[in-house]
Amino acid sequence: QVQVVESGGGLVQPGGSLRLSCTASLSIFRFYGMAWYRQAPGKPRELVAHITSGGSTNYAASVKGRFTMSRDSAKNTLYLQMNSLKPEDTAVYYCNANHSGGSYWGQGTQVTVSS
């Protein structure tokens, strides 16, 4: 059973930074794509950032220039570095990984940006 587990969320002041981690139960290069999504209260889940197995990335317009993905293959982990955080970034952040066997989601990690 493929599993992905997020961590790193928390409470941060506006302008602050957080780094989220998504650790998979198998090599992240076995996924043809991985992504971060977020869902704020009362809003639909939205794509934040996506990376292919080859390393091509794309970011939502609302986070471009502030958020950056990176990977550590030795740790089977995808990261999301979030800088210059805004109150509107408050949401539950989910990791998604797509594999030939299916699409897998983590349980989510809460990010709250507030003074």
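Quick one: count up the residues across the stretch 95-109 that are of a type in the set (A, V, I, L, M, F, W, C), out of contact with any Cys (no Cβ under 6 Å at 6 or more places or on another chain) and buried (at least 18 other Cβ atoms within 10 Å of the Cβ).
The qualifying residues number 1.
Considering every residue within the stretch 54-77, establish whether at least one is modelled with pLDDT of 95 or more and in contact with a Cys (Cβ under 8 Å, 6 or more places away or on another chain).
yes
Just the residues that are loosely packed, with under 15 Cβ neighbours inside 10 Å and more than 12 Å from the chain's Cα centre (by Cα), please, taken from the stretch 59-83.
So the first thing to find is which residues in the stretch 59-83 are loosely packed, with under 15 Cβ neighbours inside 10 Å, and the list is 61-62, 64-65, 70, 72-75, 81, 83.
Matches in the stretch 59-83: Ala61, Ser62, Lys64, Gly65, Asp72, Ser73, Ala74, Lys75, Asn83.
Collect the residues in the stretch 1-32 that are basic (Lys, Arg) and under 25 Å from Ser115 (Cα atoms), keeping them in residue-number order.
Arg19
Restricting to the stretch 18-30, name every residue that is in contact with a strand residue (DSSP E or B) (Cβ under 6 Å, 6 or more places away or on another chain) and either exposed (fewer than 13 other Cβ atoms within 10 Å of the Cβ) or within 16 Å of Val92 (Cα to Cα) (or both).
Leu18, Arg19, Leu20, Ser21, Cys22
Any idea which of (1) over 19 Å from Gly9 (Cβ atoms); (2) in contact (Cβ under 8 Å) with a residue 40 or more places away in the chain is the one His50 doesn't satisfy?
In the conditions (1) over 19 Å from Gly9 (Cβ atoms); (2) in contact (Cβ under 8 Å) with a residue 40 or more places away in the chain, His50 misses (2) alone.
I need the full set of residues from the stretch 1-16 which are within 27 Å of Asn98 (Cα to Cα) and open to solvent by less than 60 Å² (accessible area, probe 1.4 Å), in order please. Show your work before the answer.
At the first step, the residues of the stretch 1-16 found to be within 27 Å of Asn98 (Cα to Cα) are 1-10.
Val2, Val4, Glu6, Ser7, Gly8, Gly9, Gly10 - these are the residues of the stretch 1-16 that are within 27 Å of Asn98 (Cα to Cα) and open to solvent by less than 60 Å² (accessible area, probe 1.4 Å).
Only one of (1) over 11 Å from the mean Cα position of the chain (by Cα); (2) farther than 25 Å from Ser115 by Cβ; (3) surrounded by 18 or more Cβ atoms within 10 Å (Cβ to Cβ); (4) of a type in the set (Gly, Ala, Ser) is not met by Ala35, so which one is it?
Tallying (1) over 11 Å from the mean Cα position of the chain (by Cα); (2) farther than 25 Å from Ser115 by Cβ; (3) surrounded by 18 or more Cβ atoms within 10 Å (Cβ to Cβ); (4) of a type in the set (Gly, Ala, Ser), Ala35 fails exactly one: (1).
The values are calculated or read from the model by the stated rules, or taken from the named source; none is laboratory data. Keep in mind that this is a model prediction, so the values were computed, not measured. Glycine also receives a Cβ, built like all others from the backbone with ideal geometry; neighbour counts cover every protein chain displayed. Surface areas here come from the heavy atoms of the whole protein model, side chains and all, with no ligands, DNA or RNA. Shrake-Rupley method; radii C 1.70, N 1.55, O 1.52, S 1.80 Å.
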